[in-house]
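What follows is one structure encoded as structure tokens, with my remarks underneath.
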Amino acid sequence: MATIMDGKRLADEIKAEVRKNVEGLKRFGIDVGLAIVLVGDNLASKQYFLATLKSCKKVAINAYEYRLPATASANEILNVVYSVNHDERIHGLLILFPLPPRINARRVVNTISPEKDVDGLGSISIGRLAADESTFQIFHDNLKVLNNRGFMPRLSSFLPCTPYGVIRLLEFYGVEIKGKNAVVVGKSLAVGKPLSMMLLAKEATVTVCHRETRDLSFFTRQADILCSATGVKGLIKADMVKEGAVVVDIGINILEDGSIVGDVDFESVGEKASFITPVPGGVGPVTIAMLLENTVKSAQRNEQMKSPFMMT
Ligand SMILES: NC(=O)c1ccc[n+]([C@@H]2O[C@H](COP(=O)([O-])OP(=O)(O)OC[C@H]3O[C@@H](n4cnc5c(N)ncnc54)[C@H](OP(=O)(O)O)[C@@H]3O)[C@@H](O)[C@H]2O)c1
């Protein structure tokens, strides 16, 4: 049976570090703030909204809740973003997706000031990731330097939380990425695409699969590291996985009885893999921890830029 990659364990470690940094800022009179925008009443978004609020409380980050009805206009949503962009109390902004279909979601995301784009999904953040201008954060030694000094270069952007969480989870369990065949199933802007860019930056040979991929299992069987982010329950079965592969299940599927499963057939794939993430309890908790970490980094950078001698 594979080793289970326990996301909660890593998330707890990250949160403890975040809390320390939040308290460090409090000593200088600065409260860290995160705005969370929920439009409508999508069940998965609501659950994530509540889980994020709870985590903010745990690490002493002030959460600013913005709940808008599904009938909210684009202007109303954009007004919230503009107001948060100029709110000194708030260092990060998370918008929960999906937005109602009539709203241009990219327009909304691209209105977030890049300095507060702690979910890392605006075009500037994604562009800097693609240009390798923010990937230094996924290298462990650089990360230690960042944490110790609370330093984040002015022109760097935050990495998207879910894929960044996957990389951190792989590192936490000592999985070598360099030179490995990594296969990512799913190519969304929020998960598959940025994850493939991060794995590439870590020098894996990366294949990205999607709905139009012919013979998916041909590709998945080549994977030393297989990451699935499709939202298709049971898509990845044991015969699609190489013996000893590392399997990361990012998918979240809410069943009729309210239980949650991933994309991967956990029992049978767990017999073949060397490492596997459970759902729930794998990538999910790390995603929220990364959001909190990005938020405190944003607050530290903000203060450092305004009063450079304060936080040495
Ligand atoms: N754990 C976490 O923290 C976390 C965070 C975010 C998302 N998620 C979960 O991750 C999953 C993916 O999220 P997302 O935002 O990336 O979703 P998405 O935007 O719907 O993208 C799904 C991707 O999967 C591909 N796909 C769908 N069916 C497929 C199939 N049968 N074979 C191969 N590829 C297939 C799609 O291909 P095409 O592009 O060709 O359509 C698409 O690229 C969802 O279950 C979501 O709830 C989890």
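Please treat every number below as a calculation from the coordinates, not as lab data. As the structure is a prediction and not an experimental result, all values here were calculated from the model. FYI the Cβ positions are ideal-geometry reconstructions off the backbone, even for glycines, and counts take in every protein chain you see.
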When the chain is modelled as a GNM with alpha-carbon springs shorter than 10 Å, which of Leu93, Leu216, Leu53 fluctuates the most?
-> Leu216
Amide N proximity, the range 56-73 versus Asp31 label position 7 Å along Cα-to-Cβ, cut-off under 16 Å | 56-66
Assertion target for Ile260, Ile95, ordered by fewest C-beta neighbours within 10 angstrom first, is Ile260, Ile95
For the chain, find the longest principal axis of its Cα atoms and tell me its angle to the long axis of helix 140-149, 0 to 90°, nearest 10.
-> 20
With Cα coordinates, the longest principal axis of the chain makes an angle with the long axis of helix 192-201, in degrees rounded to 10, of 90
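Evaluate the Kirkwood expression for the hydrodynamic radius of the range 1-149, namely the inverse of the mean inverse distance over all pairs of different C-alpha atoms, and round to one decimal in Å.
Details: mean 1/r = 0.0587 Å⁻¹.
Taking every pair of different Cα atoms in the range 1-149, averaging 1/r and inverting gives 17.0 Å.
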In terms of the charge dipole of the chain, which places +1 on Lys and Arg and -1 on Asp and Glu at the beta carbon, the residue among Ala229, Pro100, Ile254 farthest towards the positive end is Pro100
Starting from the alpha-carbon convex hull of the range 31-116, give the projected area averaged over all orientations, in nm².
-> 5.2
A student asked for the Cα radius of gyration and Dmax of the range 124-210 in angstrom ought to give 12.7, 40
Just need the relative contact order of the range 161-284 here, percent rounded to a whole number, with Cα pairs under 8 Å and 6+ apart.
-> 22
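Just to be sure I follow: if Rg is taken over the C-alpha atoms of the range 161-284 and Rh is the Kirkwood radius over the same atoms, what is Rg/Rh? Can you show the working numbers first?
Numbers: Rg = 13.0 Å, Rh = 14.0 Å.
We get a ratio of 0.93 for the range 161-284.
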Angle between the chain longest axis and helix 43-58 axis [Cα atoms, degrees, rounded to 10] = 60
Rounded to the nearest 5, the percent of antiparallel DSSP beta bridges in the chain equals 5
What does the charge dipole of the range 161-284 about its Cα centre add up to, to the nearest 20 debye, if the Cβ of each Lys and Arg holds +1 and the Cβ of each Asp and Glu holds -1?
-> 460
List the relative contact order of the range 150-209 as a percent without decimals, with contacts defined as Cα pairs under 8 Å and 6+ residues apart.
-> 37
Computed Rg/Rh of the chain, alpha carbon atoms with Kirkwood Rh = 0.96
For the charge dipole of the range 161-284, defined by +1 on Lys and Arg C-beta atoms and -1 on Asp and Glu C-beta atoms about the Cα centroid, which residue among Val264, Val206, Phe172 has the Cα displaced farthest towards the positive pole?
-> Val206
Counting Lys and Arg as +1 and Asp and Glu as -1, each charge on the Cβ, what is the dipole of the chain about the Cα centre in debye, to the nearest 20?
-> 660
The local net charge around Leu155, scoring Lys/Arg +1 and Asp/Glu -1 for residues other than Leu155 whose Cβ lies under 15 Å from its Cβ, equals +1
Evaluate the range 162-229: find the radius of gyration of its Cα atoms, find its Kirkwood radius, and give the ratio Rg to Rh.
-> 0.94
Sorted from fewest to most neighbouring beta carbons within 10 Å, what does the list Tyr82, Tyr64 look like?
-> Tyr82, Tyr64
Around Gly244, with a cut-off of 14 angstrom between Cβ atoms, what is the net charge of the other residues, counting Lys and Arg +1 and Asp and Glu -1?
-> 0
